[in-house]
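Report on the structure given below.
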There are 2 protein chains.
Amino acid sequence: MPRSKETARATLENLYRIFTVPEEPESTLGTIDQAISKDVAGFLQTHIVALERSLEEIEGDFSSSLIPEEPTFVSDYTGFVKEKLVAQSVHTAAPGFIGHMTSALPYFMLPLSRIMTALNQNTVKVETSKAFTPLERQVLAMLHRLVYRGDDAFYQQWIHDSRHALGAFCSGGTIANVTALWVARNRLFAPAGTFRGIGSEGLARALKHLDCEGVAVLVSKRGHYSFGKAADLLGIGRDNLVMVETDARNRIDMTLLKAEIRRLRAEKIRPLALIGIAGTTETGNVDPLEALADLAGEIGCHFHVDAAWGGPTLFSEGHRHLLEGIDRADSVTIDAHKQLYVPMGAGMVVFKDPTALSAIEHHANYILRHGSKDLGSHTLEGSRPGKAMLVHAGLSIIGRKGYELLIDLGIERAGSFAAMIRLHPDFELTSEPELNILTYRYCPRTLQELLARATTVQRDRINALLDQVNQLLQKYQREAGKTFVSRTRLRVSAYGLQEVTVLRAVLANPLTTDEVLQAVLAEQCAIVQQPEMAALLEHVEALSKEISSS
Amino acid sequence: MPRSKETARATLENLYRIFTVPEEPESTLGTIDQAISKDVAGFLQTHIVALERSLEEIEGDFSSSLIPEEPTFVSDYTGFVKEKLVAQSVHTAAPGFIGHMTSALPYFMLPLSRIMTALNQNTVKVETSKAFTPLERQVLAMLHRLVYRGDDAFYQQWIHDSRHALGAFCSGGTIANVTALWVARNRLFAPAGTFRGIGSEGLARALKHLDCEGVAVLVSKRGHYSFGKAADLLGIGRDNLVMVETDARNRIDMTLLKAEIRRLRAEKIRPLALIGIAGTTETGNVDPLEALADLAGEIGCHFHVDAAWGGPTLFSEGHRHLLEGIDRADSVTIDAHKQLYVPMGAGMVVFKDPTALSAIEHHANYILRHGSKDLGSHTLEGSRPGKAMLVHAGLSIIGRKGYELLIDLGIERAGSFAAMIRLHPDFELTSEPELNILTYRYCPRTLQELLARATTVQRDRINALLDQVNQLLQKYQREAGKTFVSRTRLRVSAYGLQEVTVLRAVLANPLTTDEVLQAVLAEQCAIVQQPEMAALLEHVEALSKEISSS
């Protein structure tokens, strides 16, 4: 848009221009689009995160609370975006950004996202989405089949059934998990006799109806924090989200779980759902799903599997056995914006029983009418974009075998990273990778040996110092903006289940090579040598000497 | 991607290629992108909705539940998308598509959405979003200020406060409304003495703590269906979502509301929240917000305003008085994908008290740590895209004055459409537009006169037939794919509050001219003449004669 010919004034004519797709895309939209594409591509090839400026400094560019009175030129605004936003954002797709569950995207997601945005469909109802409705139903059926392996006849019957849905498409795993527990709660307190169901009568009456003091959800300590939100939101209370201790491999301890169930029953608290995790957020481990399914069956409660991360492991012939028992779950969460490599904002929950979602069914006069195929009658969210299209694209273009390669590659890479850490004199592996996530920490071999023979008190003192070292190490590495790992706190069985600060790596970006992983460790070794850390490491050394000589 | 050189096999090499941004955008990504842009632009200029094929027919293209084993060429897949999906989607941006709350998008939203997708930030935490975090906080502050008009000092204090958030960015208005009621519920049952709060102890104990039988949410019959979901989800129960009758202008009847509150109190049910609507979904009316604020103050309960639709009316100097009292609300929902003209999937809720969201605050070990500025500690959703960027873009590029023009234009257009309908011999206006939404129905002048003097029984018989006529009329118009209105059922005061089927028009697309509106009515008159409707209209005529002569 040549500035000389235009004025950014709020006139009707200017407005019409803004709302009209330019007839010659080369002249206006095309120019902006191309410039942006080049800048983004350039950005994606340079750095991970803005290194020069602190968050507090960046806040200065976003500090006005006044909505601008006058319009701005699109070209001026995109200048601002490039300089102040794009340049100061995080390069989540970089091969060295292995700290969180983000990855490079397949490039075809960009033009296809563009179609999705331009069409601006609203999948809450057929009247604003048409073909996007059967497409979303198909995607849900595909994921359902990946998990539950029903036969053709089953899917033929249910895939486009107007009264039911095989699952719900969500903005992410949190809404998927909330939806699963919402359904579980409403099915436990289903209408019976004069009781019209918890949806109508509410939780307090529902508890009276089944003569119990409360309901509980049970999950391991590695459970995602969304279950805490769900327990709060659903009126269950966080006290009744029972987080069970894990074994040395970060998997739920079945003996302790059973003890908790006995305790709850003694307190007249009814188990509402057992949750198995297929790919814990912090360590990537898988709970014993078969055993959990058995137990849920025995006590007659809902069995939910949070496979937000690990679900796509089912694509791999070689590794799908790790999730054995998942097909016995009543509901399964899978995030498409994680290992289906779809852009942010796409999660799903599928239900074994195609009528399960009826427990939260709702209608309105102007949409979602009874008998319509409107997807919105079975979702927590209302208006939603046509994101299922991008899952459909991934499944079609990458295919089952393509995803299998990606999954296998990540698991293999995690194995080789674990081997590097084990061999490295300065690091300690704190959780073995089962899928493609591992944790480790800076802890030189000499300290490891010292810790092995230290008293509990000595061990705690060393670990407290190491916690500080690892926390700063992660911070400085993030700020330097070259490579990135995240950090969390974990009970490590080697140290009597003491909680220590660990570094966390997620190996899901196919562009992350062993060389990149070597560079991550090399950078960490260099950071530890920096003057900022000197005082802290002196403390560690002094303490080591004191202990050794004692 | 020239097919001769490529094979769509699942090989590592092919995978790397898919995950790498092509260096010469012109050759691969660029080509696909350009082809798609042209196709989409072409599509956007032709039709509203696929006319040839029924939904059942379209389902045939989305009927396989098997995930493809082998990869597909991107070019083949985009061919499928163009033919089977884009061509069979709904042209929600067409000027004649006035049935739902979708509109044309400002064209700059497309390239900016592309940046957002390419950067793939996750705004749940700073580590995956950096500058997108202060940007989202700024957008929330801007909307907060639009509603609450705080001063500079207020926003300087709160805008980037690490412990608090002025609001929550959501996937849409439903999550925004749920968040508002969640906060209201948790604040009513806040920790006190030995009671550790509803979030920890759950709803049943909370009710005991305040010695009440239940809690209730009160809203008019025009309230959005998301409040029903919220009441269910939060454990309140749909029975305790009290939907109060409206006056002739579709606004909550304050006398009946007060009577309901008395009834609830007598039943020991505590009012949790009063909800005022600023722009009812079906009729675009605004509740008496001042009176509701007074009442909420008197009875000491949360006052929420659902301004998902009408919120941006605040941009208009001439019309913002319609929302007087909104600044007294404890929380306000505004949808960005409605009248802020942002692509689907963007809602917000802002809270008057900057500490209100603490009632649902949550933390985790690996993110959302205490003291971090991670946005995710105050949102219902977890991982989320950087959609706030598009709201920021709209506010900056269109500006307050630009949005004012859009709002004024829509209200003006609704007024002129209402005038057309009033003058037209075949239509009856069933709700006067207050903002930019109105309802009407096919009901020729002679029938209107007849209805005015008919007995109740006669009136009901005529209206029952007219319901069928209007239902079919809407259906045939939708199927013809030229123009589109929606339909709903409303109690119309002229007919003793009898519920009748009405047509609904939403006038928010700036490209919708009076000529387009004339064409909508003209098409409806033509449809009524079609042979499919003949039998039905004969019934109407016969009945009219019978009544006239009686």
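All of the numbers you see were taken from the coordinates with simple rules; none came from a lab. Values in this document were obtained by computation on a predicted structure and should not be read as measured data. Positions of Cβ are generated from backbone atoms using ideal geometry, with glycine treated the same way; all protein chains shown enter the neighbour counts.
Temperature 25 °C, viscosity 0.890 mPa s: under these conditions the Stokes-Einstein estimate for region B:408-549, based on its Kirkwood radius over C-alpha pairs, is 158 µm² per second.
What FRET efficiency comes out for B:Leu256 versus B:Ser63 if R0 is 51 angstrom and r is the Cβ-Cβ distance? Round to the nearest 0.05. According to the calculation, E is roughly 0.55. Think of it as helices only: each DSSP H run of n ≥ 4 in chain A is worth -39500 (n - 2.57), and spread over all residues that comes to -13500 deg cm²/dmol at 222 nm.
Kirkwood hydrodynamic radius computed over the protein assembly as shown comes to 30.3 Å, based on all pairs of distinct alpha carbons. One chain, two ends: A:Gln468 and A:Ser550. Fully extended at 0.36 nm per residue, the span grows by 27.1 nm beyond their Cα-Cα distance.
If you take the Cα centroid of region A:357-380 and the Cα centroid of region A:78-96, the two points sit 40 Å apart. Distant-in-sequence amide contacts of A:Arg270, defined by a placed amide H-H separation under 5 Å and a gap of 5 or more residues or a different chain, comprise A:Glu213, A:Gly214, A:Val215, A:Ala216.
A cut-off under 13 angstrom between Cβ atoms defines the neighbours of B:Gln156, and their net charge, with Lys, Arg +1 and Asp, Glu -1, is -2.
Here region A:265-314 and region B:434-509 have alpha carbon centers that stand 51 Å from each other. With the label put 7 angstrom out from Cα along the Cα-to-Cβ vector, B:Ile299 ends up 4.0 nm from the copy partners, going from closest to farthest.
With its label point defined 7 Å out from Cα along the Cα-to-Cβ axis, A:Leu511 lies at 3.5 nm from the matching points of the other copies, in increasing order.
In this structure, B:Asp211 and B:Glu290 have a Cβ-Cβ separation that, at R0 = 30 Å, corresponds to a calculated FRET efficiency of about 0.40. Applying 1/(1 + (r/R0)^6) with r as the Cβ-Cβ distance of B:Gln156 and A:Gln448 and R0 = 41 angstrom yields a FRET efficiency of 0.25.
For a test of the definition: using alpha carbon positions, the gyration tensor, and the 1.5 limit on a/c, classify region A:110-247 as rounded, prolate or oblate. In terms of gyration-tensor shape, prolate. Taking every DSSP beta bridge that has both ends in the protein assembly as shown, the antiparallel portion is near 60%. One residue of chain A places its C-beta nearer than any other to the axis carrying A onto B; that residue and its whole-Å distance are A:Gly235, 1.
Label points for A:Arg263 are taken 7 Å from Cα along Cα→Cβ. From this copy to the others they lie 4.5 nm apart, shortest first. Restricted to Cα atoms, region A:456-528 shows a radius of gyration and a Dmax of 13.8, 44 angstrom.
With a threshold of 31 Å on the Cα-Cα distance, the over-threshold entries among B:Lys229/B:Lys387; A:Lys258/A:Lys352; B:Lys208/B:Lys373; B:Lys208/B:Lys338 are B:Lys208/B:Lys373; B:Lys208/B:Lys338.
Counting only residues at least eight positions apart within a chain, or on another chain, the lysines with an alpha carbon under 16 Å from that of A:Lys482 are B:Lys130.
For chain B, what log10 I(q)/I(0) values come out of the Debye formula at q = 0.08, 0.09, 0.13 1/Å, with one point per alpha carbon and no solvent? Taken in order of the listed q values, log10 I(q)/I(0) reads -0.64, -0.80, -1.37.
Give the percent of DSSP beta bridges with both residues in chain A that are antiparallel, rounded to the nearest 5. Among the beta bridges of chain A, antiparallel pairing accounts for roughly 60 percent. Is the shape of region A:305-374 rounded, prolate or oblate, going by the alpha carbon gyration tensor and its root eigenvalues a ≥ b ≥ c, with a/c under 1.5 for rounded and a/b larger than b/c for prolate? Oblate, because a/c is 1.5 or more while a/b does not exceed b/c.
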